[in-house]
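Beneath this line is the structure, given in structure tokens, with notes to follow.
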2 protein chains.
Amino acid sequence: MTGKRLRVIPFGGLGEVGKNMMAFEYGRNIVIVDAGLMFPAADMWGIDYIIPDMNYLEDKLDWVRGVIITHGHEDHTGAIKHVMKDLRAPIYATAITRGLLENKLREARLLDKLTIQTVQAGEKVNLGPFDVEFFHTSHSIPDAVGLAITTPVGLVVHTGDFKLDPTPVDGWPMDLGKLAEFGERGVLALFSDSTNAEQPGRTPSEAIIDGALDEVFTKAQGRVLVATFASLISRTQQVLNAAAKHKRKLAMVGTSMVENSKLALKLGYLKDPANVLVSLETALEMPQGKVALMMTGSQGEPSSILSRLAQGNNRQFDLEAGDTVVVSAHPIPGNEEVVARTVNKLFQRGAHVIYDPLLPVHVSGHASSEEQSQLIALLKPKFFVPVHGELRMLHAHAKLAKQAGVLPDNVAVVENGTVLVFTADSMTISERVPGGYVYVDGAGVGDIGPEVLRDRDRLANYGFVIVSLLVDSDTRQLVNKPEMISRGFVYVRDATELFNNAAERVVKAVRSNPNGNLARHVESALTDYFYAETKRRPMVFAVVNEV
Amino acid sequence: MTGKRLRVIPFGGLGEVGKNMMAFEYGRNIVIVDAGLMFPAADMWGIDYIIPDMNYLEDKLDWVRGVIITHGHEDHTGAIKHVMKDLRAPIYATAITRGLLENKLREARLLDKLTIQTVQAGEKVNLGPFDVEFFHTSHSIPDAVGLAITTPVGLVVHTGDFKLDPTPVDGWPMDLGKLAEFGERGVLALFSDSTNAEQPGRTPSEAIIDGALDEVFTKAQGRVLVATFASLISRTQQVLNAAAKHKRKLAMVGTSMVENSKLALKLGYLKDPANVLVSLETALEMPQGKVALMMTGSQGEPSSILSRLAQGNNRQFDLEAGDTVVVSAHPIPGNEEVVARTVNKLFQRGAHVIYDPLLPVHVSGHASSEEQSQLIALLKPKFFVPVHGELRMLHAHAKLAKQAGVLPDNVAVVENGTVLVFTADSMTISERVPGGYVYVDGAGVGDIGPEVLRDRDRLANYGFVIVSLLVDSDTRQLVNKPEMISRGFVYVRDATELFNNAAERVVKAVRSNPNGNLARHVESALTDYFYAETKRRPMVFAVVNEV
């Protein structure tokens, strides 16, 4: 019976269900949608990023008919080198997404080994038992697509990331007629972006940013610096338009900003008819009232240009009094504190800083609840699965779907790795497969687990103390004065007395050791002593050498 | 001339200017306002909390005429045991604030040594050259006060924390007539709460929460669990009222919740005419549809009842399917991620979870920009100093003050420790004194500095490796096989090869050591080796014992 069923599996990181990858499986055929990464939570000490757990797919790589990337954001592309490590199925993406993917694959020395096919919204691709039709979505990157997948059990729609922006920057709103047509064909199941399901109403159009930028450029006396995501090409276009209107030149600062805008210009996603774009070098020699700069750092990333300007350690130029800095992004959850700190430091250096809510210089790229309901109403799916969101967002989205007429039993809120099985008239929540995430830390993929993170947590909070002992192998008594090394526990130079007393405890502990494990005995005595004195619990280790 | 000038100094933590403490100084007379703590930023590893730097006041303790605490929140009271450690000036506070302070001072064994005087809004207290009049403010704790201080150079108003709520829970709105009267008397300087200066419009009244709670209680089939701050006594009253209306009993869960509601009941701030309050034991034996519970944990604090329920490791009772959980608070900046995770886990355990923006079950306790402007218009201060906020909020507040008619040159945005000097017709920004903050970590106050935090940061990200070497003092060659201890770097059990190879590097490094520092030489070799293999940078130490 398995052969007559569609299996759909969401993968992803940090509980954002299906955000980074999804698998559509029918018999021995799999289509993978997206290959993204997630940034780690605050307590995932030292982890660089996390990627979907590929374990389920590892012995099914020859079933994979294609890998579809819906758009070029990191959480949909950032794991491509890991996903394609041993996989040689063709990749499908629109031109800009392809360009961004190629940069990543080139760097990972995988580009030559892979086939990538450029697709356009409106096109269809046959992948084994699946006919995949790409439809355009409005999102905060150009040329994003959603998927209408005709499967042997029925039509399945996957929205990708979307908002129903009536006036997007590229003048290409989502085709509601096309969506209605899918609805008339009959949608078996809808998988839809839940990011803003908790938000009432509609997400404002990108167009309102034009007004805010116009106000900023009108008032600014000195330079205008705009910080945003390097992938937000439509924002680059908006800033470019504002600069053109106000007779300023615009320079991109930083590698990712320069490279992405070059790519977008080359592919025609970014348009500069008035030749506004100049190099940074040129911009820095022009009068300040004639210049605008764009850079990354809207998330307070420590190595970004904006952070370096806030810290006062940027190489090519410094922030100057009179500069206007626009933070054209919202903090990603978890980044609020560091973004706020960056803004404070910019003020401290005398800049005017403009950010939402002071002016609407950013809006979300995801649909809010009213748009989500509208989409459900257009598609009239029999079954509904909220994806792209944490559990709380999925629950809010599930509620909307029920209000929009999907039968309550036909709505499934599931977590990553849960297999959903569809026939032409049923949806069943089936087994769980490994659908969590894998830590990437430096060169290591998956070698860091909870034990190491627990140790890092302890070290972050209390530091460590190591005592090195040299004992006589016959008498088991100390031959030298115990030497201690400590970091992250107390300021060692101010703690001479503490460590002298600790050394005495070690001497006593060795003397009184009842022929047991000398190292453990010393560690226990020191742990107790340090806690009594400092109410802190550093990791304590004793290294015993016998001579 | 110093004797004819008023000096005002804001103190505080984390850039929230004047939030935790302010000093008003005239000649050899000081009034301290508030004695609060701040919770550490995410990168202040292991720090429990931070307190104002008292260095400036240490040799002026006999100048202090009084310590005024405006209200009972931690960021205004939490450092009281540190501030009063060597200070014996009388403390002034309203009854509920006094009750909360007494709990802290008793615990610190300071209560017997101190004088506390209960004050009421409307009363005046003379403190040397200062006449301090207390006026009532609406805030998210009962009986908060602001201060109108008549000084030899003029009338100075300090708002404390406030909002202009027309319908507060205690039915006691701020007395706008009184504020207007101050304005008529002539206000030299206004120090005003800037927390929500970035927010447009007015902060909603606490009254809208009644409607949201009514909806929750109407729909709930099982128990209703409300998580909030233990100090939010007015919220306790609102939940109590909703429980009474819907014929449920209400139990407080957890020490702080039980103690604070007892105190508020005793002092008359919390009213229970229908005998709604029962013990947790009683509540747990009642039918679920007849019970509501209140607890802490709205900030995702790991040891709180709500977190334990989310984790499934609470002692007295578990979360059950059908429970409705209301998170009646907004995440404090920096807590967003852990609060979101807690909510996700509550959903995972089958609870209905209600939080803002799904329903308005919480509103801010601070005035938004329109209210702030209204206050400035009523008081018509000659000089304006935004306090209680980060720099970006102070700048937004400063802009409002200028729009409200304060002369631009008469508005001062300053940081903690900046001395402002007032005469009857001037305000001067004067010298900086130590006005930052001091870390409290376990039993240590101020013994942790940037060096220790940098080490903790490195350890959190990479862990450490220690190698213990025994060398012959003559030949300087190894006597034993090098022993390594590592934590937080790699999972040691899976890294046998890495450490075997590392040991070989150590052997080689010792052999090739050109009579230099053996430990440094080995550390350098290991650091390079580990980075090449793992792209990680653990702290590496070599301990050398010579025999």
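What follows is calculated from the coordinates using simple rules that are stated; it is not laboratory data. Bear in mind the structure is a predicted one, so any value in this text is a computation, not a measurement. Positions of Cβ are backbone-derived with ideal geometry, glycine not excepted, and every protein chain shown enters the neighbour counts.
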Rounded to the nearest 5, the percent of antiparallel DSSP beta bridges in the protein assembly as shown equals 50 percent
Here the correct list, in nm and shortest first, of distances from B:Trp172 to the same site in the other copies, label points 7 Å along Cα→Cβ, is 6.3
Among trypsin sites (Lys or Arg not before Pro) in region B:169-273, those in a DSSP loop whose Cβ has at most 15 other Cβ atoms within 10 Å are B:Lys247, B:Lys271
Rounded to the nearest Å, the spacing of the alpha-carbon centers of region B:1-44 and region A:56-121 is 57 Å
Once Lys and Arg are counted +1 and Asp and Glu -1 for all other residues with Cβ under 13 Å from that of A:Ala509, the total becomes +2
When the charge dipole of region B:433-492 is computed with +1 at the Cβ of Lys and Arg and -1 at the Cβ of Asp and Glu, the Cα pointing farthest to the positive end, of B:Pro434, B:Val490, B:Asn461, is that of B:Val490
The Cα radius of gyration of region B:1-125, divided by 2.2 N^0.38 Å with N its residue count, comes to 1.05
Other residues with Cβ under 14 Å from the Cβ of B:Asn29 give, with Lys and Arg +1 and Asp and Glu -1, a net charge of +3
Scoring only Lys, Arg, Asp and Glu (+1, +1, -1, -1) among other residues with Cβ under 14 Å from the Cβ of B:Val445 yields -4
Mean per-residue count of partner chain Cβ within 10 Å for A:460-471 equals 6
Expressed to two decimals, region B:430-507 has a Cα Rg over Rh, using the Kirkwood radius, of 1.24
A correct Karplus calculation of ³J(HN,Hα) over region A:347-354, with 6.51 cos²θ - 1.76 cosθ + 1.60, θ = phi - 60°, whole Hz and x for Gly and Pro, returns 4, 4, 8, x, 7, 7, 10, 10
at B:Gly122 the sorted inter-copy label distances (label 7 Å from Cα on Cβ side), in nanometres, are 7.6
Note, region A:93-104: 3J(HN,Hα) by Karplus (6.51, -1.76, 1.60, θ = phi - 60°), whole Hz, Gly/Pro = x, goes 7, 6, 4, 5, 4, 4, x, 5, 5, 4, 4, 5
Across B:448-457, the residue-averaged tally of Cβ atoms belonging to other chains within 10 Å stands at 5
The long-range amide H neighbours of B:Ala144, using H built 1.01 Å from N in the peptide plane and a cut-off of under 5 Å, are B:Thr137, B:His139
Counting only DSSP beta bridges with both partners in region A:429-547, the antiparallel fraction in percent, to the nearest 5, comes to 50 percent
Trypsin sites (Lys or Arg not before Pro) in region B:429-504 lying in a DSSP loop, each with at most 14 other Cβ atoms within 10 Å of its Cβ, come to B:Arg476
Along the dipole axis of chain A (charges at Cβ: +1 for Lys and Arg, -1 for Asp and Glu; origin at the Cα centre), the most positive-end residue among A:Thr342, A:Gln311, A:Pro204 is A:Gln311
Taking a ≥ b ≥ c as the square roots of the Cα gyration tensor eigenvalues, with a/c under 1.5 meaning rounded and otherwise prolate when a/b beats b/c or oblate if not, region B:256-355 comes out oblate
Helix-only [θ] at 222 nm, chain A, -39500 (n - 2.57) per DSSP H run of 4+, per residue, nearest 500, equals -9000 deg cm²/dmol
Counting only DSSP beta bridges fully inside chain A, the antiparallel percentage to nearest 5 is 50 percent
Cross-link reach from B:Lys535 to aspartates and glutamates, straight Cα distance under 15 Å and at least 8 residues apart if same chain, gives A:Asp48, A:Asp441, A:Asp447
Mean per-residue count of partner chain Cβ within 10 Å for A:298-311 equals 0
Computed over all unlike Cα pairs, the Kirkwood hydrodynamic radius of region A:460-547 in Å stands at 13.0 Å
Taking every C-alpha to C-alpha distance in the protein assembly as shown and binning by 10 Å from 0, the per-bin percentages run 2, 9, 16, 20, 21, 17, 11, 4, 1, 0
Quick note, chain B: a/c under 1.5 would make it rounded; otherwise a/b > b/c is prolate and the rest oblate (a ≥ b ≥ c, C-alpha gyration tensor); here it is oblate
Classified through the alpha carbon gyration tensor (a ≥ b ≥ c as square roots of its eigenvalues; rounded if a/c is under 1.5, else prolate when a/b is larger than b/c, else oblate), region A:353-474 comes out oblate
